[in-house]
Amino acid sequence: MQVQAGTIAALLREERRFPPPPEFAAQANVRDPAIYKRAAEDPEGFWAEQAERLDWFRKWDRVLEWNPPWARWFVGGVLNACYNCVDRHLKTWRRNKAALIWEGEPGDERVLTYRDLYREVNRAALALRRLGVQKGDRVAIYLPMIPELPIAMLACARIGAPHTVVFGGFSPESLRDRINDSQAKILITADAGYRRGNLVPLKDNADEALKETPSIEKVLVVRRVGEHVKRIHMQPERDIWWEDALDGLDGQECPPEPVDAEHPLYILYTSGTTGKPKGVLHTTAGYLLGVSLTHYWVFDLKEEDVYWCTADIGWVTGHSYIVYGPLANGASVVIYEGAPDYPDKDRFWRIVEKYGVTILYTAPTAIRTFMRWGDEYPKRCNLSSLRLLGTVGEPINPEAWIWYHQVIGGGRCPVVDTWWQTETGMIMISPLPGLTVLKPGSATKPLPGVAAAVLDDRGQPVPVNTGGYLVLTRPWPAMLRTIWGDPDRYVQQYWSRFPNVYFTGDGARIDEDGDFWLLGRVDDVLNVAGHRIGTMEVESALVSHPKVAEAAVIGISHEIKGQAIVAFVTPRAGTRADEALNAELREHVARKIGPIARPDRIYFTSELPKTRSGKIMRRLLRDIAEGRVLGDTTTLTDPNVLAEIKRQYEEQES
């Protein structure tokens, strides 16, 4: 097998096809395939047409000003993101429609209509103004998944203060670094949050971080659990209870601040290879257009839908597809505070049944975990309200796709596999569920108005079904504008690999139908005897075995082959993990995608190390296998998992 220089071998073949169900296609929001052609022929005209879905205080003079790699969209336009997500719905019957349907992990509930949301956001915005927050000041938010989190974000947007949300599972050091990088003036946190029946000590963590954050002037503290559950320290002059700050502001209005289309909306920190946090900057108009439009298209949103994205708002998925996209569209959005297995492994399916969820958007790693737990849990619940399923966060293995489609969707719900990044802001490659023939494991085609390609090392397009580097060849409205405070890093990281195209850092191939198949991060590509193999394909082959729930594949140094393939495998419940299964799996991979991809070693583990957003931390598995000191583990859901894998690995090696 010859591999073209600078490309990635694409070995996995998936033949199953799922056209749109006729009754779904008949009522879909996007039914005419001509939309792709129209967007490609006149991108600026197309985006200008779509931008009419937003409410503007002043229309733009120019759609796009593009001086690579610097983009300005809707130049001269003036609007407000909070106005688009809240105020404009009060002019219609939506004022009494549920905006946020919230359930806490202990089972407490709150429903806020758009009118309720308007009231709470105005109070919060006035409180921030009273504390001295002005247009352009940064506000850090470190909260659990409670309604005050989207309320705080929208209050910031209302007064033109960019927010930086720090995921509630992050350590005091991570919080400190993000506050200092953004020079935030105010921190909004809570006494604590709930996770798997335990308390997450947010205020204690914040107090630790605030020892070294000179820019913070005031701290607002939401009373989530109460003093009878967790006593906290409140520093006089600095710390103020949220309800005290909002007291006396009922019924008062804070006019939305008109901001320029390019005014910073938020900074969101994403993991970089260096220790310094990387603050991705998203601005107002282009971002809001991108997320509201793609939410309407990809999820086929209807007025009566009950929409649930299971991500944490601390990640970009939550910013784009819990807060800004859905609320701009006037959707009813479910928010759940806790873990999927508390108090039992059917919690997600109980929520779907209880609230009549119609659209569910979750991560492949969650789906594989549900597979491992077994079908009995979803089968306890009535999931017949579901009509569309989505996945986000990493490529989905075909077998996990099929399980999701059949067990959760009852074989009737289209599955939209979405590819995008913190940096892209919006979904970029995804099926349109009323038009696209679905292929398990493929994100299918770039959305209308999005231009993508797959290149080799020399920047040339690769042949059909050959893996290479995924790039975006045209600017798009929701793109990041820079890395906060570090424009050189923005240029270097995203725009220096190939001239004037955005380098995603992901590998992909395009098949004979023009559909894209993601192969995982380029950093995770294995180099085995001159063949470059994506980890995604080997992992998918392993997960296609009926006894495997999850797999993570890494390369370790090998004196002959360059790299050897090592797999960490989580068997399905009730499976005996022994030498016979080890041999069976190695042969299964060889049969499925070729002998070159046969793992040299397989280690069985009950869990894989994952971040709170569901990504498998292959880098840490490489550290274990290569005997290195473990890198940063602060983003892991459960650091004990890593210690257990390390112990098992060392035992088996010795």
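For this structure, a couple of remarks:
- When we screen R38, R72, R16, R31 for residues that are surrounded by 12 or more Cβ atoms within 10 Å (Cβ to Cβ) and more than 30 Å from L435 (Cβ to Cβ), the only hit is R72.
- Residue within region 373-382 that is on the phi > 0 side of the Ramachandran plot and surrounded by 15 or more Cβ atoms within 10 Å (Cβ to Cβ) present: yes
- Among the candidates F498, F503, F516, residue that is closer than 26 Å to P264 by Cα, touching a residue at least 12 places away in the same chain (Cβ under 8 Å) and aromatic (F, W, Y): F503
- Only a single criterion out of (1) under 29 Å from L54 (Cβ atoms); (2) surrounded by 21 or more Cβ atoms within 10 Å (Cβ to Cβ) is not satisfied by G467, namely (1).
- Selection of strands (runs of 3 or more DSSP E) fully inside region 508-574 by the criterion of at least 1 residues being open to solvent by less than 20 Å² (accessible area, probe 1.4 Å) and out of contact with any helix residue (DSSP H, G or I) (no Cβ under 6 Å at 6 or more places or on another chain) returns 516-521, 526-528, 548-558, 562-571.
- One residue from K276, K354 being part of a loop (DSSP other than H, G, I, E, B) and over 14 Å from the mean Cα position of the chain (by Cα): K276
- Annotation: of all residues in region 14-30 being over 27 Å from the mean Cα position of the chain (by Cα) and either part of a loop (DSSP other than H, G, I, E, B) or aromatic (F, W, Y) (or both), the one that is modelled with the lowest pLDDT is E15.
- Residue in region 238-253 that is within 30 Å of R130 (Cβ to Cβ), aromatic (F, W, Y), in a helix (DSSP H, G or I) and open to solvent by 10 Å² or more (accessible area, probe 1.4 Å) present: yes
- Tally of residues being open to solvent by 20 Å² or more (accessible area, probe 1.4 Å) and in a strand (DSSP E or B) across region 494-507: 1
- Failed condition for R481, given (1) open to solvent by 40 Å² or more (accessible area, probe 1.4 Å); (2) within 30 Å of V63 (Cα to Cα): (1)
- Every condition in (1) within 21 Å of I533 (Cβ to Cβ); (2) surrounded by fewer than 17 Cβ atoms within 10 Å (Cβ to Cβ); (3) small (G, A, S); (4) at pLDDT 95 or above is met by A580 except one, and the failing one is (1).
- The one condition in (1) at pLDDT 95 or above; (2) closer than 27 Å to F516 by Cα; (3) under 28 Å from the mean Cα position of the chain (by Cα); (4) open to solvent by 20 Å² or more (accessible area, probe 1.4 Å) that L11 fails to fulfil: (1)
- Per-region count, region 596-631, residues part of a loop (DSSP other than H, G, I, E, B), surrounded by fewer than 18 Cβ atoms within 10 Å (Cβ to Cβ) and touching a residue at least 24 places away in the same chain (Cβ under 8 Å): 4
- Annotation for region 40-61: no member residue is part of a strand (DSSP E or B) and at positive phi.
- Qualifying residue in region 424-438 (condition: in contact (Cβ under 8 Å) with a residue 60 or more places away in the chain, over 14 Å from W297 (Cα atoms) and touching a Gly at 6+ places or on another chain (Cβ under 6 Å)): yes
- Residue satisfying all of: in region 391-441; small (G, A, S) and touching a helix residue (DSSP H, G or I) at 6+ places or on another chain (Cβ under 9 Å); surrounded by the most Cβ atoms within 10 Å (Cβ to Cβ) among these: G425
- Number of the condition not met by R576 [criteria: (1) without any contact (Cβ under 8 Å) to a residue 12 or more places away in the chain; (2) farther than 26 Å from I367 by Cβ; (3) out of contact with any Gly (no Cβ under 9 Å at 6 or more places or on another chain)]: (2)
- Top-ranked residue in region 338-372 [being within 18 Å of W102 (Cα to Cα) and of a type in the set (G, A, S); ranked as most open to solvent (accessible area, probe 1.4 Å)]: G356
- Checking each residue in region 37-55 for being touching a Phe, Trp or Tyr at 6+ places or on another chain (Cβ under 7 Å) and either free of Cβ contacts under 8 Å to residues at least 40 places away in the same chain or under 14 Å from S292 (Cβ atoms) (or both) picks out A51, D55.
- Counted residues, region 470-517 - those being within 10 Å of P69 (Cα to Cα) and among the acidic types (D, E): 0
- Of the residues R62, R95, R58, the single one that is open to solvent by 40 Å² or more (accessible area, probe 1.4 Å) and either touching a Phe, Trp or Tyr at 6+ places or on another chain (Cβ under 6 Å) or of a type in the set (V, I, T) (or both) is R95.
- Exclusive hit being surrounded by fewer than 24 Cβ atoms within 10 Å (Cβ to Cβ) and closer than 25 Å to N205 by Cα, set P144, P106, P150: P106
- If the condition is being within 27 Å of G374 (Cβ to Cβ) and either open to solvent by 10 Å² or more (accessible area, probe 1.4 Å) or in a helix (DSSP H, G or I) (or both), then region 288-336 contributes V306, T310, A311, D312, T317, Y336.
The values are calculated or read from the model by the stated rules, or taken from the named source; none is laboratory data. This one's a predicted model, so the numbers in the text were calculated from it and none came from an experiment. Cβ coordinates were reconstructed from backbone atoms using ideal geometry, including for glycine residues, and neighbour counts include every protein chain displayed. Please note that ligands, DNA and RNA were not included when accessible areas were found on the heavy atoms of the full protein model with its side chains. Shrake-Rupley method; radii C 1.70, N 1.55, O 1.52, S 1.80 Å.
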